[in-house]
1. Starting from the Kirkwood radius over alpha-carbon pairs of region 80-230, derive D by Stokes-Einstein at 10 °C in a medium of 1.306 mPa s and give it in µm² s⁻¹.
2. Run the paramagnetic zone check for residue 71: 7 angstrom along Cα to Cβ, then residues of region 8-31 with backbone nitrogen under 16 Å.
3. Considering only C-alpha atoms, what is the centroid distance from region 193-236 to region 19-59, in Å?
4. Which of 103, 192, 177 moves the most in a Gaussian network model of the chain with Cα springs under 10 Å?
5. In region 65-103, which trypsin sites (Lys or Arg not before Pro) are in a loop and have at most 14 other Cβ atoms within 10 Å, using DSSP for the loop call?
6. When a footprinting reagent is the concern and you count Cβ atoms within 10 Å, what order do 105, 156 take, fewest first?
7. Between residue 4 and residue 206, what length comes free when the chain is fully extended (0.36 nm per residue of separation minus the Cα-Cα distance, one decimal in nm)?
8. Once the mean 1/r over all distinct Cα pairs of region 6-72 is inverted, what Kirkwood radius in angstroms do you read off?
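Derivation of every value follows stated rules applied to the coordinates shown; laboratory data play no part. Everything quoted here is computed from the prediction, not taken from an experiment. Cβ: placed from backbone, ideal geometry, glycine included. Neighbour counts: every protein chain shown.
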Amino acid sequence: MSGSIRLFVTEPLAAGSAVTATQAQAQYLSTVMRRGMGDTVRLFNGRDGEWRARIVGIRRERVELVIEEHLRPQMGEPDIWLVFALLKRDATDLVVQKATELGVSSLLPVFTERTVPDRMNRARLAAIATEAAEQSERLTVPAVGAARRLTEMLESWPSDRILHVAMERIAAPPLCGSGAGANALLVGPEGGFSESEMRLLRGCHFVVPVSLGPRVLRAETAAIAGLALLQAPVTL
């Protein structure tokens, strides 16, 4: 269906303005999706809402578009950060993709004592987040932070943002909807946090230990389940 494709762009969006697709987007439109002159796509930039644009020039590596109609205004989104221990490549990709679909505003990878990967391709994860935002009809793309040691992350943590920490095999209240405000979820690596990391976390005034249920979840499952629980409607 013409116009069903959504692309994230960085340029300002307004009626009558011109946008040039990136080389990767141009190849996607012309070669993969077989779009041509006169076809429409939807564009968003995280600031100006969503717009319909028409292709007015197309080649394999260059596509020119003209903005025509405002489809959706920019809307507020949940202010939720996901802090997650880096996993193996496929599992990390899944966490980034699903967390984006679930509406997080920032993705903050960390190295813990039991983290297996020792490096991260930040640009690659940002591309995965962008694609997930395009497909899920979000109006923003979450920021992907540089990977840091967990200890460094905690040292610079904003004191007004609650950090819900999924902890296994401890007596902790179940994670439930937190309502509006600045929140975050921390999910550890396969194998869980070390004893020293558990002591460090318990000593942080902004940390709230939580349970995700009676079962021991894989790290990627815990991230997805935790984000869903954190955004569940608050009941009185």
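1. Details: Rh = 15.3 Å.
Diffusion coefficient, whole number: 104 µm²/s.
2. Within reach of a label on residue 71, which here means backbone N under 16 Å from a point 7 Å along Cα→Cβ, region 8-31 contributes 8-10, 13-16, 19, 29.
3. The distance from the Cα centre of region 193-236 to that of region 19-59 comes to 40 Å.
4. 177
5. Working: sites: 88, 89, 98; in loops: 88.
In loop regions of region 65-103 (DSSP not H, G, I, E or B), the sparsely surrounded trypsin sites (Lys or Arg not before Pro) are 88.
6. Working: 105 17, 156 7.
Ascending number of Cβ neighbours within 10 Å: 156, 105.
7. Values: separation 202, 0.36 × 202 = 72.72 nm, distance 4.25 nm.
Here the segment from residue 4 to residue 206 would lengthen by 68.5 nm.
8. Numbers: mean 1/r = 0.0868 Å⁻¹.
Hydrodynamic radius (Kirkwood, Cα pairs) of region 6-72 is 11.5 Å.
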